[in-house]
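Notes for the one structure printed next.
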Amino acid sequence: MYTQGLNIAAGDKTIPIEAAAGPEAKRFQERVDREEKIEPKDWMPEGYRKTLVRQISQHAHSEVVGMLPEGNWITRAPTLRRKMVLLAKVQDEGGHGLYLYSAAETLGVSRAELIDQLLSGKAKYSSIFNYPTTSWADIGAIGWLVDGAAIMNQVALCRCSYGPYARAMVRICKEESFHQRQGYEIMIALARGTSAQRRMAQDALDRWWWPSLMMFGPSDKESLHSAQSMRWKIKRQSNDELRQRFIDVTVPQAEFIGLKVPDPALSWNAARGSYDFGAIDWTEFNEVLAGNGPCNRERLAARRKAHEDGAWVRAAALAHAEKARARAMKKAG
Ligand code: BYC
């Protein structure tokens, strides 16, 4: 059997992937090509399993860390209605994290292991959550742009070849589309408001536009995992394709509310039927991934504190489960 090297995780560039050879690998690829869903107990190449654990756990961590920038505004939402909506949204993100950790657990890793990887700084989470939320308009911009970018990526993931991930994504996408609309509604209200409110909305768009484009990951040329993930139908569209589609749907939404996308190179290309856009600052992206974004340290410190504060809840749940198990054993004789 010949193998193909693939960088599965940072620093581990040699994990072999049974990409093309061996009867099981061949049957596996045929099932994927026929659009059959792969389920937890099915045979799968080790590289497929590791790629999914990496992506699903990074996704779960992103949902949970993603609660922090918005959680920052729950006590300062301008009206009771806005507060209720924001609370519900942040709670939804926690729920998404739980579905995704459960989907990852079907691949033979424990949630405790995955959380350790996050808290030790070994696991990645989306770069976008390392930026601060400095005004109420940022809550609008996150819903509109960040959830908008997430939906663009995640609708494709509803057709992922791995059943538990694909099914989790269906529900998550429904909730994300409500999140996107609540964010855009905040932006509409600000854009129609006083000149100070319009300035606040424009300032939020200026700060969140480029980091939102970075959410889709490195360019296809630089993407380590895309080609193999697309062969396995984990990913259905490339990072650049999804980024372009996001730009094409979002620019008219900005124009509709009278805001200006902060990209002087942005222009409609009639021949391509898409917008041309300026260069993304990949140095900034790489710095954020390396832990040097504006809020990386603060985000991890907040998660570590939450984990420590929750120790008594985990201990109580375990003690309760143990008592219930002992009672059931006694009853069974
Ligand atoms: N940030 O080969 P590539 C939400 C990493 S949360 C950080 O293209 P891949 C929400 C990548 O992991 C939704 N790291 O990788 C929550 C890889 O590193 P490793 C978040 C990034 O996996 C609360 C390396 O760069 N969505 O909606 O094929 C409030 C090379 O990249 C990023 C998901 O997680 C990044 N932006 O493609 C509001 C979607 N980009 O692992 C909203 C699921 C790349 O080799 N994930 N990297 O060390 C995916 O679809 C894919 O993993 C990506 C990257 C498109 C992100």
Exposed loop GluC sites (Glu not before Pro) only (DSSP loop, at most 15 other Cβ atoms within 10 Å): please give the longest stretch of the chain free of them, not including the sites. 37-221
For the chain, what % of the accessible area comes from carbon and sulfur atoms, probe 1.4 Å? 58 percent
What is the spin-label model distance, in nm, from Lys26 to Glu222 if the labels are put 7 Å beyond Cα along the C-beta direction? 3.9 nm
Classified through the alpha carbon gyration tensor (a ≥ b ≥ c as square roots of its eigenvalues; rounded if a/c is under 1.5, else prolate when a/b is larger than b/c, else oblate), the stretch 147-264 comes out oblate
How big is the charge dipole of the chain about its Cα centre, in debye rounded to the nearest 20, if each Lys and Arg gets +1 on its Cβ and each Asp and Glu gets -1 on its Cβ? 1220 debye
Extension gain Glu241-Arg327, at 0.36 nm per residue separation less the Cα-Cα distance, in nm? 25.4 nm
Taking a ≥ b ≥ c as the square roots of the eigenvalues of the Cα gyration tensor, with a/c under 1.5 meaning rounded and otherwise prolate when a/b exceeds b/c and oblate if not, the chain is oblate
Expected 222 nm ellipticity per residue - DSSP helices of 4 or more, -39500 (n - 2.57), all of the chain, to 500: -19500 deg cm²/dmol
Could you calculate the contour length gain from Arg111 to Glu308, that is, 0.36 nm times the residue separation minus the distance between their Cα atoms, to one decimal place in nm? 69.4 nm
Show me the trypsin sites (Lys or Arg not before Pro) within the stretch 37-68 that DSSP assigns to loop and that have at most 15 other Cβ atoms within 10 Å of their Cβ. Lys41
Tell me the trypsin sites (Lys or Arg not before Pro) within the stretch 226-285 that lie in a loop according to DSSP and have at most 14 other beta-carbon atoms within 10 Å. Lys260, Arg272
FRET efficiency for Glu284 and Glu255, Cβ-Cβ distance as r, R0 = 30 Å, nearest 0.05? 0.70
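The values are calculated or read from the model by the stated rules, or taken from the named source; none is laboratory data. The shown structure was predicted, so the numbers you read here are calculated from the model rather than taken from an experiment. Cβ atoms come from the backbone with ideal geometry, glycine included; neighbour counts cover every protein chain shown. Accessible surface areas use protein heavy atoms only, side chains included; no ligands, DNA or RNA. Shrake-Rupley method; radii C 1.70, N 1.55, O 1.52, S 1.80 Å.
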